[in-house]
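The values are calculated or read from the model by the stated rules, or taken from the named source; none is laboratory data. Just so we're clear, the structure is a prediction, and the values are computed from it rather than from any experiment. Cβ placement follows ideal geometry from the backbone for every residue including glycine, while neighbour counts extend to all protein chains displayed.
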Amino acid sequence: MAPVETEGISHGESHAVLIGVSSYRDTAFPEIPAALNSVRGMFDVLTDPELCGWPEDRVTIIENPENAAVLAQKLRRIAEQTSDTLLVYFVGHGVISDLGDVCLAVQGTDLRDPDLTGLEYSKVRHIVMGSPAQVKIVVLDCCYSGRVIQGLSAGGDSHFADVTAVSGAYTLTAADAAAHVVPLAEQITVPTSFTRAFLDVVREGIHDGPSALTLGDIYRELRLLIQSRGLPEPNRRGTDTVDLYTFTRNMAFRPPEYTAERAGDLTVRLVTPEAEESLIRLMEKQDPVGLTLENLATLDDSPGIYQLYRRQAHNEGAIVYVGQSDRSLRQRLQRQMVKISGRLNIDVNEMSFARLYVEDDLSVVDPARLLVNRLRDQGEEIPWHMNGFGNSDPGRNRDRTALKFQHFDAQHPINLTWVIRDHGPSELMTVLEFATLVKGKFPYLFRFAYQGREIETVSVEVPEGAISADKAFRLLAAALGAEWQVSALSGYVVMYRERGVEYPSATRYYCGTRVWNSTPEFYGA
């Protein structure tokens, strides 16, 4: 099986199913609030265009399923219609039946009869293998007894990865025995230990690694990371060719610098100085055009390189950022236009861009680096380069990071007066429905946790008329009460079941009916 490239691939015939079970009717199963955080984290990395690049409509989240038969039926319908990549992820409790079968516990599973009330993995295996998907991936963050508070279960003698192996597919498991999670009190804001490590590898990338990471690359790095954290070792089964499946871009990838000292007689330079000069001269000839929807609509949906210019009183247009996209130049610039439009201290009408399409493999050529180096050699500064402008969701672990004064989010914080709608009728929605609705309308990230039952059961009375981001956050906080907090940071907004938590870059907090401003703490000023 050839590696599947993350750039240029269409996930139109692929499907990912993310299943998380955090609460159970049978009190013999400890609750796992971290399970739903894990599902959300997996969704975020899969749909991040800078990482895995799955379209959101090709990723299905199933939270706290009650009936194993209904869950199996839904999984089968999806698997039958998937022809490219089928990914099944489960996080929750796993149980071993009296006959030694692995059963995935749903909300209605009875620990006394897991084979009758849980989802036997043999059925999952049969469903996965019956799919026409060319690539089949199963990730299981669970183990099989659920009797230890600090972990999802206590151990046993049999090997979970062997029991759950799928011939011809790839199965990754959290542990042979006890899969670890943090204590219950800490699970409100974090994923399970295994999924957290997996997400860290995908988001951080692998230094000195290739431009795109395969399942094999990720597993090797994941194992080292988990060992360093003193956690149970993961396991995996699959053919060697499945190991080569490309899962994500490597965010830590940096092309090696060419040096004459190491060239020697056996080194070939694929990007010649002549080609570099040609690229630079051609870009210099491009006349910048306004960063508008009309201009972006004329672009091809092709890979390329671009420069962003900002017009201010003292200049006609200085270069503030150099970037590239090995998927779609048009989509990349559209996202950045939306991002800029939702920020303070800047007007998207000040922005323009110049671009070139590139046919070569951008992970090898890296034309953005060539342009950045040339501009710096000429004494020009590129204020947004390496200062946070192109960053995606940093993840929960980075929410308390103090920002440099020069950081894009520090210079251009999010606009809380952003209007979500100008008019509309009054509506009654659940917190989850309203939060999901407004999340898609913000020009910046709004991350919230699926914690407790309030988010699914508590209602929000959405008034008629105009609604701004600030008003939406007030409505959500008031509906959830004093046990929840909405925190507007300089670059994005988070909503978690917490109170009194302070963030260095926060500009405003919402908790119940209380709203108060905060002065961000930046360094390097």
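Points to keep in mind about this one:
- Residue list for region 375-429, restricted to those being without any contact (Cβ under 8 Å) to a residue 40 or more places away in the chain and among the small types (Gly, Ala, Ser): GLY379, SER426
- Of all residues in region 55-78, those that are more than 28 Å from THR457 (Cβ to Cβ) and at pLDDT below 90 total 2.
- Residues of region 298-314 that are touching a helix residue (DSSP H, G or I) at 6+ places or on another chain (Cβ under 8 Å) and not in a loop (DSSP other than H, G, I, E, B): GLY304, ILE305, TYR306, GLN307, LEU308, ARG310, ARG311, GLN312.
- Flag for ILE127 being within 24 Å of SER193 (Cα to Cα), in the same structural domain as GLY53 (by TED's automatic domain parsing) and surrounded by 18 or more Cβ atoms within 10 Å (Cβ to Cβ): no
- Top-ranked residue of region 308-321 - restricted to ones that are hydrophobic (A, V, I, L, M, F, W, C) and under 33 Å from the mean Cα position of the chain (by Cα), ranked as modelled with the lowest pLDDT: ALA318
- Qualifying positions in region 194-210 - at pLDDT below 85 and either buried (at least 21 other Cβ atoms within 10 Å of the Cβ) or of a type in the set (A, V, I, L, M, F, W, C) (or both): none
Residue by residue, here is whether (1) among the β-branched types (Val, Ile, Thr); (2) buried (at least 17 other Cβ atoms within 10 Å of the Cβ); (3) not assigned by TED's automatic domain parsing to the domain that holds ASP347 holds:
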{"site": "GLU427", "(1), (2), (3)": "no, no, yes"}
{"site": "THR430", "(1), (2), (3)": "yes, no, yes"}
{"site": "LYS439", "(1), (2), (3)": "no, no, yes"}
{"site": "TYR450", "(1), (2), (3)": "no, yes, yes"}
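- Matching option when the condition is farther than 13 Å from GLY304 by Cβ and basic (Lys, Arg), among ARG376, ARG332, ARG355: ARG376
- Every residue from region 501-525 that is touching a helix residue (DSSP H, G or I) at 6+ places or on another chain (Cβ under 9 Å), assigned to a loop (DSSP other than H, G, I, E, B) and hydroxyl-bearing (Ser, Thr, Tyr): SER505, THR513
- For region 312-352, a residue qualifies if it is of a type in the set (Asp, Glu) and touching a Pro at 6+ places or on another chain (Cβ under 9 Å), and exactly one does: ASP326.
- Number of residues in region 296-314 that are closer than 17 Å to GLU381 by Cα and surrounded by 11 or more Cβ atoms within 10 Å (Cβ to Cβ) equals 7.
- GLY317 passes every criterion in (1) out of contact with any Gly (no Cβ under 8 Å at 6 or more places or on another chain); (2) assigned to a helix (DSSP H, G or I); (3) surrounded by 14 or more Cβ atoms within 10 Å (Cβ to Cβ) apart from (2).
Yes/no matrix, rows are residues, columns are (1) surrounded by 24 or more Cβ atoms within 10 Å (Cβ to Cβ); (2) in contact with a strand residue (DSSP E or B) (Cβ under 9 Å, 6 or more places away or on another chain); (3) within 30 Å of SER328 (Cβ to Cβ):
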residue	(1), (2), (3)
ASN37	yes, yes, no
VAL59	no, yes, yes
THR85	no, yes, yes
THR109	yes, yes, no
ASP115	no, yes, no
GLU120	no, yes, no
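- Any hit, region 295-307, residues being under 25 Å from TYR444 (Cβ atoms), modelled with pLDDT of 85 or more and charged (D, E, K, R): no
- Verdict on VAL91 being surrounded by 24 or more Cβ atoms within 10 Å (Cβ to Cβ) and under 30 Å from TRP54 (Cα atoms): yes
- All positions within region 47-66 that are polar (S, T, N, Q) and at positive phi: ASN64
- Residue that is in the same structural domain as VAL289 (by TED's automatic domain parsing) and touching a residue at least 60 places away in the same chain (Cβ under 8 Å), where the choices are VAL372, VAL358, VAL348, VAL338: VAL338
- In region 354-368 there is at least one residue that is acidic (Asp, Glu) and crowded, with 17+ Cβ neighbours inside 10 Å.
- Within region 231-249, none of the residues are of a type in the set (A, V, I, L, M), under 30 Å from SER487 (Cβ atoms) and modelled with pLDDT of 85 or more.
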